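To keep things clear, I will list the structure first and then write my remarks on it.
Laboratory data are not the source of any read-out in this text; all were calculated from the coordinates shown. What you see is a predicted model, and the numbers here were worked out from it, not measured in a lab. Reconstructed Cβ throughout: ideal geometry from the backbone, glycine too, with neighbour counts over all protein chains shown.
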């Protein structure tokens, strides 16, 4: 079990890093955030002043290589996740990487392979947060036979109207986000926890505003869909339908339905509903206190470094699975064909992103 101060350097202080990671880590005993590097020196200085971080770097490579840190927190957009992870592990440092593991499956595999070569270093991804409260209860109910055989999954996430005049967001920029499509990978991660992996996907999607202005006011092509439907054959025998959309105004909050031979479960707005064959309607299911999950990303990372508990949510191996899924959906959409999972080497995009 490790003792002493755990010193953390931050590469990329995005919104989630500033809202959750930095304050949560700074509240923990024996943890210090000692350095930061953001996209510009100006933004780096702003973050350092706001959170009292003592050392600033203009280039992320210098921060990762510096001997003052034990762990690297990566809060950049996906385009840098692979490069920073590989450098940090090569420098024998622990890694906590923001969600959307990488640009594509090849990068994810490289990251996972590098982590396996450093078994004494912790490599963890920020987990999909939407279902943390109910995950344990859903898994228990399924194991107890509440659903019987899982037959069908319906997942819908969206609810907003299309904004044709909004500037290009990083999630719409293929050069920054790669095969990640809206929240598709994040929701699939939740399905992985409950039902396991898909073995084949067929995807259809649309980009309704095909050009948007970037941060410099230059018109850029939009290569990431704004509405996508995925039909997935699951290894457990169920068929899944996932609709992820930025155009379904007033559709209501995201929800997931699990339909089984003996019962049904519905998740929406952090609540779980269920019913069996003999019931006339769904009823809210209470989450036992001992099963109720919550955001504890930073605590789990530090506990793993100290040898107190292993990483359970989310490992690099699971990240590879959701990156293969998102890339398979993107390839199905582009090539108008079903794509089998796991991806074969020849089916993956090159690690440089294209």
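So what's the stretch 1-125 giving for Cα Rg divided by 2.2 N^0.38 Å, two decimals? Provide the component values of the computation, followed by the final result.
Numbers: Rg = 13.5 Å, N = 125, 2.2 N^0.38 = 13.8 Å.
Ratio of Cα Rg to 2.2 N^0.38 Å: 0.98.
Can you tell me the convex hull volume per residue for the stretch 54-96, based on C-alpha atoms, in Å³ to the nearest whole number?
Numbers: hull volume 3.2 nm³, N = 43.
Cα convex hull per residue, to the nearest whole number: 74 Å³.
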Note: the stretch 135-188, point scatterers on Cα, Debye, no solvent; log10 I/I(0) at q = 0.29 Å⁻¹ equals -1.23
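Could you compute Rg(Cα) / (2.2 N^0.38 Å) for the stretch 283-354, with N its residue count? Write down the numbers at each step before the final one.
Working: Rg = 18.2 Å, N = 72, 2.2 N^0.38 = 11.2 Å.
So the Cα radius of gyration is 1.63 times the expected 2.2 N^0.38 Å.
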When the chain is treated as a Gaussian network with springs between alpha carbons less than 10 Å apart, the largest mean-square fluctuation among 15, 65, 108 is found at 15
Sorted by Cβ neighbour density within 10 Å, fewest at the top, the residues 188, 273, 57
273, 57, 188
Please report, for the Cα atoms of the stretch 132-228, the Rg to one decimal and the Dmax as a whole number; what are they, in angstrom?
17.6, 56
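Report D for the stretch 197-346 in µm² per second (integer): Stokes-Einstein, Kirkwood Rh on Cα pairs, 4 °C, 1.567 mPa s.
Numbers: Rh = 19.0 Å.
Calculated translational D: 68 µm²/s.
Once the convex hull of the alpha carbons of the stretch 100-145 is built, what does its volume come to per residue, in cubic angstrom?
Working: hull volume 5.9 nm³, N = 46.
In the stretch 100-145, the Cα convex hull volume per residue is 129 Å³.
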Please list, short to long, the whole-number percent of alpha-carbon pairs of the chain in consecutive 10 angstrom bins beginning at zero.
5, 23, 31, 26, 12, 2, 0
Could you please state, rounded to a whole Å, how far the C-alpha centre of the stretch 137-183 is from the C-alpha centre of the stretch 289-303?
22 Å
The Cα radius of gyration of the stretch 231-312, divided by 2.2 N^0.38 Å with N its residue count, comes to 1.48
